[in-house]
Amino acid sequence: MKANKYVFSGIFLASLATLMYELLLTRIFSVTTWYHFAFLAISMAMFGTTMGAIIVYLAPNRFTPENTSKYQAWSILAFAISCILAIVIHISVPAFLPLDPSIVIVASLFIAIPFLLVAFTLSSICISLVLTRYPEQTHKLYAADFIGAAVGCVFLVASLQYIDGITDVYLVGFIATLSALCFSFNTDSKKLKITTLCVALATAAYVGTNAYLANQAKPVISLSWSKGEKEKLVLFEKWNCFSRIRVFGEPDAYRRPMEFGYSKLLPDVKIRQLWLDMDGCAAAILYRFTGNLKDFDFFKYDISNFAYEIVKDGNALVIGVGGGKDILAALALGQKTVTGVEINNNTVATVNGRYGDYTGHLDKMPGVKIVCDEARSYITRSKEKYDTIQATLVDTWAASSSGAFALTESSLYTVDAWQTFLDHISDRGMLTMTRWWSHYVPSEIYRLLGLAHSALKHIGVENPRAHIVLVRLMSSELGDSLHAEDGLGTILVSRKPFTQEQLDLVEKRCKELGYELALSPTVSIDPNLALSADGKTAEVEKTVPFNLKPSTDDCPFFFQTLNPTQVFNKSIYASGRTANNINSAVALLLVLVTVTFFTFYCFRLPILRTKDKSQLKGSLPLFVYFFSIGIGFMLIELSQVQRFSITLGHPIYALAVVLFTLFLATGLGSVSFAKLKEMAGNRLHMLLVAVLVVTAIFGLATPTLVHALAPESTPVRIGASIASLFPVGFVLGLGFPAGMQLGFKHGEKLTPWLWGINGAASVLGSVLSVVLSMFAGISVSYWCGFIFYATALVCCMKLEKRDAAI
């Protein structure tokens with residue numbers, strides 16, 4: 001069989017739609033559920049990519065050469081319909097289950113998973129029929145597959161700037177229908193063509209209509225619940241590829257300040273305010289500001305602003321502008337200039353644009369500069385010194401959009417990042433961060449202190465303890481602010497040792513404002529606090545069941561304090577607000593076990609169902625080869641997504657630059673396969689040697705490259721990242737077509753199964769990559785990928801030797 005232009009166009013569009021849908025699921029589930037549930041659901045659904053290939057392998061009499069085009073078209077058309085149906089069902093479930101939010105979350109996911117599994121299975125049937133039915137053109141079709149995925153990354157970023165996530169699902173359906181239309185041109189079925197055209201017109205009409213109505217705040221279908229609860233009083237929402245923000249509340253109602261961290265000494269203040277949140281959590285406040293800063297003198301009773309009691313008339317930098325509260329607080333408490341750095345362009349546009357009149361246009365106030373950038377990246381490039389750098393509860397429980405399985409953490413809480421922050425602090429300045437203080441075990445606080453110690457040591461401080469002050473506010477000391485059972489801790493880290501005068505002022509202001517001095521160079525209310533500040537977190541780990549090692553850029557999972565040896569220790573699940581992070585890490589381990597089980601059965605099931613066992617003789621090296629390149633590709637790809645997310649400094653860049661470059665380069669590598677094979681004298685193992693050489697050089701050079709790029713401008717960092725990633729992606733594109741050529745020599749009937757093994761290994765690799773990065777480091781994940789490609793080389797050499805002997 002020969003593939004014509006319609007087949008190439010069809011697989012390009014099918015891959016584009018499938019990749020977009022995979023990433024969209026991450027985005028939508030980040031809003032409706034917690035990220036570890038999203039991770040579980042998508043991991044399970046992605047096994048459809050394997051099931052489709054196994055179905056093609058087990059039903060050769062159905063998927064004959066004569067009806068290949070028909071099934072290509074029908075399967076991707078069915079994907080277009082089922083992918084929409086799955087999401088509609090998912091967002092509709094809460095209307096029929098008015099139960100506890102946690103039950104609603106689980107129920108909505110597990111009801112949707114079978115539909116998602118069907119959707120990905122249908123897409124896989126189509127792609128399997130393309131990649132295994134045209135032996136002479138496999139490398140070119142594989143290239144079209146990856147180039148389509150690369151375009152899907154960029155197209156998702158662009159589309160979510162204009163339409164919401166639910167409407168984007170219909171856009172995916174439209175693109176998949178165009179793919180079906182391309183395949184249908186190779187058939188004689190008028191019914192197929194008419195049906196496909198009707199579905200395409202219907203989905204296109206819906207996308208256009210709903211996009212228009214959504215701008216009028218009257219969408220036909222929209223997301224009406226998040227985190228298991230129905231949304232109320234929503235005034236505005238806006239999506240992009242890494243968040244969905246909403247503004248809600250009653251803009252004219254006077255209330256007590258609706259935020260965490262106010263002490264019980266807070267005066268009887270009432271003010272107009274609105275909520276702004278991201279993905280149904282990470283909430284911030286939009287205060288009604290009419291120009292009088294004296295109205296906000298009460299901000300001194302918020303523990304996150306305690307540094308301004310020590311540093312007066314300074315130049316402040318705020319990480320995470322949110323609703324503008326921290327900008328307003330810095331001004332109200334006497335700072336002469338404030339620079340606010342906010343990563344989310346939609347947040348900045350909402351606070352200063354759509355709600356600018358409400359918030360008083362903070363961006364236009366004298367001495368205020370608001371920048372839309374990733375804070376660490378911005379500070380690294382800045383030439384200025386700041387008197388305070390403040391970050392208040394800056395984190396997110398949303399799933400990262402840099403890949404459906406890349407659970408990257410905030411790069412703000414690493415030793416490397418804090419070195420950068422401290423290098424940009426003036427001699428009288430302070431780095432101040434506020435985190436949750438669990439009343440069970442304050443694991444985040446212990447880790448924060450260890451982080452401060454390591455960062456200070458790295459900049460040459462001999463006695464870090466003399467540079468650290470910690471104040472706290474527990475639930476029993478809180479006023480009427482919204483809070484549960486835990487408290488907050490605010491750390492102050494200074495480049496210079498705290499003077500006795502400063503320490504006296506700290507103690508005095510703590511008493512006057514209702515805070516507790518938890519740690520200073522001379523005071524400690526908990527021996528573990530002192531040990532952590534002295535860099536002895538290993539000793540603290542002997543008394544508490546958590547991992548407290550300071551996080552680094554190679555292992556940036558600050559919030560994941562799970563010690564794997566303590567998984568069966570019940571006490572770790574009762575750790576207050578931080579329990580959600582523990583649950584997510586445990587869920588990740590459970591996903592790994594589950595995915596490993598399903599991967600095993602992707603091997604086992606076809607063996608059991610194969611009637612003619614003779615075709616399996618000598619196939620083990622092939623199975624190991626495709627398993628190795630599948631898991632190896634994901635380990636290398638996702639480790640670089642995580643590493644370059646820090647380098648590039650923005651989730652959009654991770655998606656549009658890292659994934660796009662790797663996918664595009666992989667596609668171009670695949671299309672060059674025939675020429676490179678000829679240059680290698682038809683010795684396929686030499687192509688695998690090239691993979692190992694390039695990935696080894698890249699793996700050794702990356703840490704130095706990442707460090708060197710840190711202070712460069714964004715265009716330079718993007719250009720250098722593309723230039724360094726491209727050779728790796730290019731050589732990774734050689735593994736699959738080389739394997740398929742070996743597979744076709746062994747027996748064409750096996751090739752769909754080989755594609756299925758590759759898919760199952762990819763799902764396993766995506767989970768394993770996160771586990772390895774979280775508990776061992778990104779570098780370990782990368783080099784494990786290298787080892788799997790070395791294993792593939794051994795299998796390739798064995799297969800070539802066997803073929804030469806025949």
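The values are calculated or read from the model by the stated rules, or taken from the named source; none is laboratory data. What you see is a predicted model, and the numbers here were worked out from it, not measured in a lab. Note: ideal-geometry Cβ built from the backbone for every residue, glycine included; neighbour counts use all protein chains shown. To get the accessible areas, we keep the full protein, side chains included, count just its heavy atoms, and leave off ligands, DNA and RNA. Shrake-Rupley method; radii C 1.70, N 1.55, O 1.52, S 1.80 Å.
Helix 778-805 and the longest principal axis of the Cα set of the chain meet at an angle near 10°.
Where the convex hull is taken over the Cα atoms of the stretch 10-124, what is its projected area averaged over directions, in nm²? If I average the Cα hull's projected area over directions, I get 7.2 nm².
Once backbone amide H atoms are built at 1.01 Å from N, Asn563 has Asn547 as its partners under 5 Å, excluding neighbours fewer than 5 places away on the same chain. With the contact rule set at Cα under 8 Å and sequence spacing of 6 or more, what percent relative contact order holds for the chain? Over the chain, the number comes to 15 percent. Solvent-accessible area of Thr290, all protein chains in place: 100 Å² (probe radius 1.4 Å, heavy atoms, ligands and nucleic acids excluded).
Classify the stretch 119-202: rounded, prolate or oblate, from the alpha-carbon gyration tensor (a ≥ b ≥ c, eigenvalue square roots; a/c under 1.5 rounded; otherwise prolate if a/b is larger than b/c)?
Working: a/c = 2.40, a/b = 1.21, b/c = 1.99.
Oblate is the answer for the stretch 119-202, as a/c is 1.5 or above yet b/c matches or exceeds a/b.
All C-alpha to C-alpha distances of the stretch 179-315, sorted into 10 Å bins beginning at zero, yield P(r) values of 9, 25, 23, 17, 11, 7, 6, 2 percent in whole numbers. Of the chymotrypsin sites (Phe, Trp or Tyr not before Pro) in the stretch 418-517, not one is in a loop by DSSP (not H, G, I, E or B) with at most 10 other beta carbons within 10 Å.
What percent do you get for the relative contact order of the stretch 78-146 when only Cα pairs under 8 Å and 6+ apart count? Display every interim value, and only then the final one.
Details: 41 pairs, mean separation 24.9, N = 69.
This gives 36 percent for the stretch 78-146.
Taken along its principal axes, the alpha carbon cloud of the stretch 190-240 reaches lengths of 49, 25, 19 Å, longest axis first. In a simple Cβ point-charge model (Lys, Arg +1; Asp, Glu -1; nothing else charged), the stretch 65-206 has a dipole of about 400 debye relative to its Cα centre. The fraction of Cα-Cα pairs per 5 angstrom bin, counted from 0 for the stretch 651-706, comes to 4, 16, 16, 23, 19, 12, 7, 2, 0 percent, rounded to whole percents. Solvent-accessible surface (1.4 Å probe) assigned to Met51 amounts to roughly 70 Å². The modelled label-to-label distance between Met679 and Asp504, using points 7 Å beyond Cα along the C-beta direction, is 7.5 nm.
When you count, for each residue, the other Cβ atoms within 10 Å and take the mean per peptide, how do 312-324, 653-665 rank with the highest first? Don't jump to the answer; show the numbers that get you there.
Details: 312-324: 23.5, 653-665: 25.2.
Per-residue Cβ counts within 10 Å, averaged per peptide and sorted highest first, yield 653-665, 312-324.
Starting from the alpha-carbon convex hull of the stretch 584-694, give the projected area averaged over all orientations, in nm².
Averaged projected area of the stretch 584-694's Cα convex hull equals 10.3 nm².
Return the percentage of antiparallel bridges among DSSP beta bridges fully within the chain, rounded to the nearest 5 %.
Details: 41 of 61 bridges.
Antiparallel bridges: around 65 percent, rounded to the nearest 5.
Which percent of the accessible heavy-atom area of the chain goes to carbon and sulfur, probe 1.4 angstrom? Could you put the intermediate results ahead of the total?
Numbers: 18010 of 29300 Å².
Using a 1.4 Å probe with all protein chains present, the chain comes out at 61 percent carbon and sulfur.
Our Cα-only numbers for the stretch 661-806 put the radius of gyration and Dmax at 16.9, 58 Å.
Think of the stretch 1-160 as having a plus end and a minus end, set by charges on the Cβ of Lys, Arg, Asp and Glu; of Val154, Ser102, Asn67, Asn67 sits farthest toward the positive end of this dipole. Taking only the C-alpha atoms of the stretch 605-668, Rg followed by Dmax gives 18.1, 54 Å. With the biggest extent put first, the Cα atoms of the chain measure 86, 56, 48 Å across the principal axes.
For the chain, what is the accessible area per residue in Å² when the probe is 1.4 Å?
Numbers: 29300 Å² over 806 residues.
Accessible area per residue: 36 Å².
Here the Karplus curve 6.51 cos²θ - 1.76 cosθ + 1.60, taken at θ = phi - 60°, turns the phi angles of the stretch 675-683 into couplings of 5, 5, 5, 5, 5, 8, x, 6, 8 Hz, with x standing for Gly and Pro.
Excluding same-chain neighbours fewer than eight residues apart, the lysines reachable from Lys496 by a Cα-Cα span under 26 Å are Lys300, Lys312, Lys336, Lys383, Lys385, Lys457, Lys508, Lys511, Lys536, Lys549. Counting only residues at least eight positions apart within a chain, or on another chain, the lysines with an alpha carbon under 27 Å from that of Lys798 are Lys140, Lys611, Lys613, Lys617, Lys675, Lys677, Lys745, Lys749.
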